[in-house]
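Enquirer: Below is the structure I would like to discuss, written out as structure tokens.
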Amino acid sequence: MAAAIRVGAQNIITFNLDDFPAEALGQYDIEALHPDIFVERQMDLHEGAVVNVAKTHREALKNPEKSVSDYLETLAAQGLVITAERLANFEAVI
């Protein structure tokens, strides 16, 4: 949290939201966001860019390589359920 305050961050992206209560962050105008919500917001702003990043990321996986379906299942299993659902609409290009 100290680093976020020091650099004037607007958000802290974390799976561990319990460690960053809104009451503590609010005085610094910082919001803690689950990564799935962060990606969802990014998709709302720049859907094509997020899809391209997902494609690049999936293609970079070599050990093991992942099919699009496997990639989306992995995202969901890691807690990025909304992300996986939204990216599924672009399965043909990812």
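Every read-out reported here was derived from the displayed coordinates using simple, explicitly stated rules and does not represent laboratory data. Values in this document were obtained by computation on a predicted structure and should not be read as measured data. For neighbour counting, all protein chains shown are included, and Cβ atoms are generated from backbone atoms with ideal geometry for every residue, glycine included.
Enquirer: From largest to smallest, what semi-axes in whole angstrom does segment 34-94 give when each is the square root of 5 times an eigenvalue of its alpha carbon gyration tensor?
Expert: They are 18, 13, 10 Å, listed from largest to smallest.
Enquirer: Using a simple charge model, +1 on the beta-carbon of Lys and Arg, -1 on the beta-carbon of Asp and Glu, nothing else, what dipole does the chain show about its Cα centre, in debye to the nearest 20?
Expert: The calculation lands at about 360 debye.
Enquirer: Which value in deg cm²/dmol, rounded to the nearest 500, describes the helix-derived mean residue ellipticity at 222 nm for the chain, given -39,500 (n - 2.57) per DSSP H run of n ≥ 4 and division by the residue count?
Expert: After summing the helix terms and dividing by residue count, I get -17500 deg cm²/dmol.
Enquirer: For the pair Gln42/Asp70, report the inter-label distance in nm, with labels modelled 7 Å from Cα in the Cβ direction.
Expert: 2.3
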